[in-house]
Amino acid sequence: MTSTQHNTDISSIISSMTLEEKLAQLVGFWQDEGGDVVAPLQGEVAHTGALDQAVGLGLGHFTRVYGTSPVDADARAAWLWEQQRKLVTDTRHGIPAIVHEECLTGLSAWKAATYPAPLSWGASFNPDLIAQMGAQIGESMRSLGIHQGLAPVLDVVRDARWGRVEECISEDPYLVGAIGTAYVQGIQSEGVHATLKHFVGYSASQSGRNFAPVHAGPRELADVLLIPFEMAVLDGKVRSVMHSYAEIDGVPVAADESLLTDLLRGTWGFDGVVVADYFGVAFLQILHHVAGDLGEAAGLALKAGVDVELPTGNAYLVPLAEAVRSGAVDEALVDRAVLRVLAQKEELGLLGATFEDEPPAGIDLDSPAHRDVARTLAEQSIVLVSNDGALPFTPNITGRSKIAVVGPNADRPNALFGCYSFANHVLAQHPGTPMGFEAPSVREAIAAEWDADVTFALGCDVASDDASGIEEAERVTRDADVAFVVVGDSAGLFGRATSGEGCDTDSLELPGVQRELVERLLATGTPVVLVAVTGRPYALGWAMERCAAVVQAFFPGEEGAGAIAGVLSGRVNPSGKLPVSLPRSAGAQPYSYLHPTLGGDGEVSNLSTIPASAFGTGLSYTTFAHTDLEVDAEVTCNGAITATVTVTNTGARAGADVVQLYGHDLVGSVTRPVAQLIGFARIELEAGESRRVEFRVPTTRLAFTNRAGVRVVESGDVDLWVGASDWREATARIELTGPDYKVTVDSNRMTTATVS
C-alpha cells in the first residue's frame, strides 16, 4: 500500500468525528456473513447490511476477507484494494480498515500452507521453530494486505473432554507461554499483529463443555491460566488481545474490568487493542443475561475494556449510539477505544495509506519454504508413546513385505488438519472444491515409504457405529506382516465432527467403533501399530499394553503423512514429547500433572488418576542418559538458579532429546504441585555424543500466589530433577533463602538454556 507523508494528531481526528464516525472505527464488517456457520450462533446474531452503507462513515475492520469462503487470492486482493481506496477517498477522514484473519494453523485461506495444530507445537518443545513458522504466516498475511491475525490460543489445557483442546499448546502454562510467545514474536516480526486468545479461563469450563461456566479460584487463575498471557504481553509485546467467552465465578470476562483493564493494562502495562471474540458483546445479553439489551451490553463491554466489536457491529453501532445519547454510556469511553484503534492503525501504517499501488498477485502461499517448516515441525512433534521393538519397521530381506494400512484416518487427508484449518473450517462446507495444495494421506505416504505390497481397508468411519467394514479389515490384516492402524478424530465445528469448537465429548475412548476395530485386528495375531491422529489425548492405556507400538500425532498438517511414515520406517527418529497427559479414563478429568499430593493416587480413594502416559514423555530409536546434575546449594528468593546436566546419546544412532528440568517445592504456605516444568532445551546428539546443558532459571518460575493473594517466591527447600513429569533421572536439592520475594512485572520470567 502506498503511504503519504503523514504526521498524525489522533486526538484532533477524534475531536472532529461525529459519534457515528467514532463507532464505525470500533466495529468490523463481514462481507460473507449470513453464509456458512463458522462462528457460534452466527445465524442468530449476525448483523447483515450492505457494504457501502456499512463503510460510509469509515470502518474499523474488514472481517475475514480471504477466510470465509474459497476465493482466489488475486481476485480478492484486487477487491480489497478497491474497498480500501474507497475508504480513503469516499469517507470524510480517509482512514483504511484493519483486515483480520484466522491464522492458528497457518493463514486460513484457500490454497495456503496448513501447518500442524498447536498441540503439535507443544510436542515439539521448539520455540525457535514456532517463531519461524509464525514469521512465514505473517509474511503471507502481510503480502495480502492483512494486518491482524487471530492467534495464538494461550488457553492451558485443563480437561481433555473439551473440544478445543486441539487449539491449545499444552497443559503446562510455562510451555504454553514459551511456545506462544515465540509465535507472537515470529508473526509480529513481519509487521502483522498477533491476537492472544482467549483471555482468560475459557479452557477451564465446567465438565469440559464449550461456553460452560468456569469455577476457577483466584489462585488457579493467577498461577496457571494467566501465566502464558502474562509472558506473551510482557515478553512477547503482543499488540492485541481477545476476550474469552467464559464467565468466571459468575462474571463474564467481556464485562470484567478487573481483568481487561486493571490487570491487563494497569498491572501489565498493555497498550494495544482488546477485541471481542465473535459476537461476544451480544452474548452478554443473550447468553450471560447480565445486560437487558444490546446497548447495555455494549456499555458493559466498553467500560470493561473491549475496544472493538467483532465480527460486525451488532452492539457497538446503533445500540451503543442510542445508549450514549441517552446518557447511559459516557462518550469518553468511546473516545478511549477510538484512540486505541487509531493508534493501532498508525502503528500498522494505515493512517496516511492511499492504496494507490497495484494489489498483490501471484503470491505463493504454500511455497517450498512453507512446506520445509511444516515438515520439520510435523517430524519433531510426533510422539512414539510405546514400542515393543516393532518400530522402526524393517521390510523383509528375502521377499516383498506385506503391509496392511487400516482405519478411518488412513486415507483421509483432512484427518491431518485441525478445526481452524481452512480445509476443515471452510472447505468442508463446500463439497467438491479442491483443497488447492498437496496433502497426501497416510496410506499414500506409507506406500511411498517402502517398496512393499500395501493393502488398505477402511474398517470403520471415525464416529459411526457401523462395524460392517471390520471383517474386511481383519482379512487384510491377517495376510500382512504388519498392520498400521490409523485411528482418531475428525475436526470441525459445532458437533459436525469429533474434535474442534463445540465438539466436546463425554468419553475419552476412541470415537465410534474404532476400539472394536483395533481389538479385532489384534486378535488376528498380526503385529498392530496404532497411529492416533487426533485433536485431543485419548485413553489409550489398553492399546499401549496390547499393540506392538503406539504413535501419537496431533493433527500434523500438510506434511504430516510423510512425517508419520518416516517415523514408522525409522527415516525420522521420533523426538516429540507429550504436551498433555494421555488419560487413563474420562473419569479422571479434569486432570493436570500440576496437581498437589491430594490430586494423585493414594489410599483415600479406590480410583486412580495416574495417566496412561505422562506429560513430557516420548520414546526415541536411540536412548539418552542424564547425569551429573549440578545446582547451586542455595539461591536467594529474588535470584536465579543455575542447573547444569550432562546429556549423553547412549544409543547407536543420532537423535534429538528434549531435556526437561522440573522442580518441586517441598513445603509451601499453600499446597504445591508434585512436579512443575521450569526449563527445557531441545538438543541434537550424534550416537555416543555428550553435551553439557546449563539452565538459568529465574526463581519466579517457582512463584505462586500466597494466602494473602500475592505472587511470591517463598524460602525453603526445592527438589530439582531432569527427566519427565513422572520420573526422575538426575536429581538435586536447592535451598531458596532470604525474605520472600514479591513478583512484579519487572521480574524475569524466562528460563534460558546454553549447550556446550
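Within this structure, VAL572 fails the test of being of a type in the set (Val, Ile, Thr), part of a loop (DSSP other than H, G, I, E, B) and open to solvent by 20 Å² or more (accessible area, probe 1.4 Å). Checking the structure you have, find out if any residue of the stretch 164-187 is within 18 Å of ILE98 (Cα to Cα) and either part of a loop (DSSP other than H, G, I, E, B) or among the charged types (D, E, K, R) (or both). No, the conditions are met nowhere in the stretch 164-187. A count restricted to the stretch 365-412 and to residues that are open to solvent by 50 Å² or more (accessible area, probe 1.4 Å), in a loop (DSSP other than H, G, I, E, B) and under 30 Å from GLY67 (Cβ atoms) stands at 2.
Looking across the stretch 253-287, the residues that are open to solvent by 40 Å² or more (accessible area, probe 1.4 Å) and not acidic (Asp, Glu) come down to SER258, GLY266, THR267, GLY269, GLN285, ILE286, LEU287.
Residues that are part of a loop (DSSP other than H, G, I, E, B) and open to solvent by 10 Å² or more (accessible area, probe 1.4 Å) within the stretch 511-546 comprise PRO511, GLY512, VAL513, ALA523, THR524, GLY525, THR526, PRO527, listed in sequence order.
Quick one: in the stretch 635-656, which of the residues that are of a type outside the set (A, V, I, L, M, F, W, C) and open to solvent by less than 10 Å² (accessible area, probe 1.4 Å) is farthest from ASP717 (Cα to Cα)? Filtering first and then ranking leaves GLY655. Among the residues of the stretch 3-15, those identified as modelled with pLDDT of 60 or more, surrounded by 11 or more Cβ atoms within 10 Å (Cβ to Cβ) and out of contact with any helix residue (DSSP H, G or I) (no Cβ under 6 Å at 6 or more places or on another chain) are SER11, ILE13. In the stretch 671-701, the qualifying residues are those that are closer than 30 Å to THR623 by Cα and not in a strand (DSSP E or B), and the one that is least open to solvent (accessible area, probe 1.4 Å) is ALA675. Residues of the stretch 327-351 that are on the phi > 0 side of the Ramachandran plot and either open to solvent by 50 Å² or more (accessible area, probe 1.4 Å) or modelled with pLDDT under 95 (or both): GLY327 alone.
All of (1) part of a helix (DSSP H, G or I); (2) out of contact with any strand residue (DSSP E or B) (no Cβ under 8 Å at 6 or more places or on another chain); (3) of a type outside the set (Asp, Glu) hold for LYS111 with one exception: (1). Residues that are among the polar types (S, T, N, Q) and free of Cβ contacts under 8 Å to residues at least 60 places away in the same chain number at least 1 in the following strands (runs of 3 or more DSSP E) confined to the stretch 595-658: 640-649. Looking at the stretch 592-606, can you tell me whether even one residue there is open to solvent by 20 Å² or more (accessible area, probe 1.4 Å) and over 23 Å from HIS664 (Cα atoms)? The answer is yes; a qualifying residue exists. Are any residues in the stretch 468-504 in contact (Cβ under 8 Å) with a residue 12 or more places away in the chain, closer than 30 Å to TYR202 by Cβ and open to solvent by 30 Å² or more (accessible area, probe 1.4 Å), and if so, which ones? Passing the criteria: PHE494, ARG496, ASP504.
The values are calculated or read from the model by the stated rules, or taken from the named source; none is laboratory data. It should be emphasised that the depicted structure is a prediction, and the values quoted were computed from it without experimental measurement. Note that each Cβ is placed from the backbone with ideal geometry, even for glycine, and that neighbours are counted across all protein chains shown. To get the accessible areas, we keep the full protein, side chains included, count just its heavy atoms, and leave off ligands, DNA and RNA. Shrake-Rupley method; radii C 1.70, N 1.55, O 1.52, S 1.80 Å.
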